[in-house]
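First comes the structure, then the notes that go with it.
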Amino acid sequence: MSSPKEIMRENLWTNNPIFMQILGICSALAVTNLMINTLIMTLGVVFVTAMSNLTVSLMKSLIPRKVRMIVQTLIIAFYVIIVDILLRAYLPDISRALGPYVGLIITNCIIMGRAEAFAQSNPPVLSLWDGVTSGMGYMGVLMTIAFVRELLGFGTVLGFPVLPSGFEPWIIMVTPPSAFFLLGIIIWIGKTIMNKEGATA
Amino acid sequence: MNKQSLPYTIGFTFFISFLFVLFLSFAHHTTAPRVERNREVTRQRSILSALGVETSGPDQIQEAFREVKEIEREGITLFRLDDGETGVYAKEFIGSGVWGPIEGVLAVTGDLARTRGLEIVDQTETPGLGGRITEGWFKEQLRDLRIVEGTIRVAAPGEGDTDKENGKIDAITGATRTSERMGVIFKNELERIASALGVEL
């Protein structure tokens, strides 16, 4: 069994859901043009991944094998709807800005992937930690993409203007293709560093 | 008990679904009044903003909205704010955008000589292009603009036009079709308000 430190290193770096497992790409393209929206959405993913991992791990001995995956989907959908309800009640402006993407957290392969690959065969606390760190690995990459897109697309960081008033925004940065290119660049950089680490190890 | 048997599988699936749905119903029920209040406050804030009343915070919005009278004429709902002259009238609209409906509020003076303001409530235009109809500079063009020949012309290409007497606003660069749709929405809504108020355009 892996230690919490190893799990963190794997989920944040050596087995990062985005640039190693290439999971959760759809939302990486769709909700990364403003950092605040990306932050709230990825916090939602951290919460859902952590809680669904914990719940699946607690219930794993009770779930019949035949309906294992449909029950995991039910658990994930439950936490996603909870996030949606909380956003609509307490952060209505962000809820409106995120629109259908909150509901689409259900379809994020990272969550199902961790429930099936980790929580199904590990103890509850470790599964919770695996969910938190997997979500954070996803958050780290998306926030990096969002930072570049918001900076060059709007001239702002978290809504605060940081570039001079004469700055001409890059229109491509607010449209999804820019996220596609940035994601490619991040995967390239990440893999290059990892290959170098592997060569020196 | 055999956890892989059919009766257990059916019983477990039924029970777990019931339990999660029960929790969700409870969460939805307890936050429903807050969600409804948020929705109403957002609507009131949009109407007030179009009428030229700046507010902040739900309490101030609800307080300011008490001055607004809802009236219905010719089957059209208008919101009237007394300004000591002809009155200012706001109308909610849903018009056709490029990718989906554009919802908003348009406010005009009672004699239809000038617009008072525009607020966009919801839209699905291209982010960074047509989506810029929600930006302050675009909406501010409709603040106290003279209505010429019963319409508002959306002129492309934009020329940085600041003249409030020529009945013209700048189109958005790179979003010609959204700008055209906005022109059609303005024309239709002005006609509807004119018919409701019984005023010649």
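Restricting attention to the stretch A:140-165, the residues being modelled with pLDDT of 90 or more, within 14 Å of chain B (Cβ to nearest Cβ) and surrounded by fewer than 15 Cβ atoms within 10 Å (Cβ to Cβ) number 1. The single condition from (1) at positive phi; (2) in contact (Cβ under 8 Å) with a residue 40 or more places away in the chain that B:Gly57 fails is (2). Filtering the stretch A:57-68 to residues that are basic (Lys, Arg) and either under 17 Å from A:Ile106 (Cα atoms) or more than 10 Å from every other protein chain (Cβ to nearest Cβ) (or both) leaves A:Lys60, A:Arg68. Residues of the stretch B:41-70 that are within 14 Å of another protein chain (Cβ to nearest Cβ) and exposed (fewer than 14 other Cβ atoms within 10 Å of the Cβ): B:Ser56, B:Gly57. Is it the case that the stretch B:86-99 has a residue that's under 26 Å from B:Val199 (Cβ atoms) and either over 20 Å from the mean Cα position of the chain (by Cα) or within 11 Å of chain A (Cβ to nearest Cβ) (or both)? Yes, some residue in the stretch B:86-99 is under 26 Å from B:Val199 (Cβ atoms) and either over 20 Å from the mean Cα position of the chain (by Cα) or within 11 Å of chain A (Cβ to nearest Cβ) (or both). Considering A:Ala30, A:Ala50, A:Ala77, the condition of being touching a residue at least 60 places away in the same chain (Cβ under 8 Å) and within 14 Å of chain B (Cβ to nearest Cβ) is satisfied by A:Ala30 alone. Confirm whether A:Val71 is more than 30 Å from A:Thr192 (Cα to Cα), of a type outside the set (S, T, N, Q), more than 10 Å from chain B (Cβ to nearest Cβ) and not in a loop (DSSP other than H, G, I, E, B). No: the conditions fail for A:Val71.
Among the conditions (1) closer than 20 Å to A:Ile22 by Cα; (2) within 14 Å of chain B (Cβ to nearest Cβ); (3) more than 14 Å from the chain's Cα centre (by Cα), A:Phe118 misses just one, which is (2). The set of residues from the stretch B:100-142 being surrounded by 19 or more Cβ atoms within 10 Å (Cβ to Cβ) and under 13 Å from the mean Cα position of the chain (by Cα) comprises B:Ile102, B:Gly104, B:Val105, B:Leu106, B:Ala107, B:Gly117, B:Leu118, B:Glu119, B:Ile120, B:Val121, B:Gln123, B:Ile133.
Screening A:Glu168 with (1) within 23 Å of A:Ile22 (Cα to Cα); (2) within 14 Å of chain B (Cβ to nearest Cβ); (3) charged (D, E, K, R) gives one miss only, at (1). Number of residues in the stretch A:80-115 that are in contact (Cβ under 8 Å) with a residue 60 or more places away in the chain and either within 11 Å of chain B (Cβ to nearest Cβ) or of a type in the set (S, T, N, Q) (or both): the value is 3. Residue count for the stretch A:171-201, restricted to those that are within 17 Å of A:Ser27 (Cβ to Cβ) and away from chain B (no Cβ under 14 Å): 7.
The values are calculated or read from the model by the stated rules, or taken from the named source; none is laboratory data. Keep in mind that this is a model prediction, so the values were computed, not measured. Note that we place each Cβ from the backbone using ideal geometry, even for glycine, and neighbour counts take in every protein chain shown.
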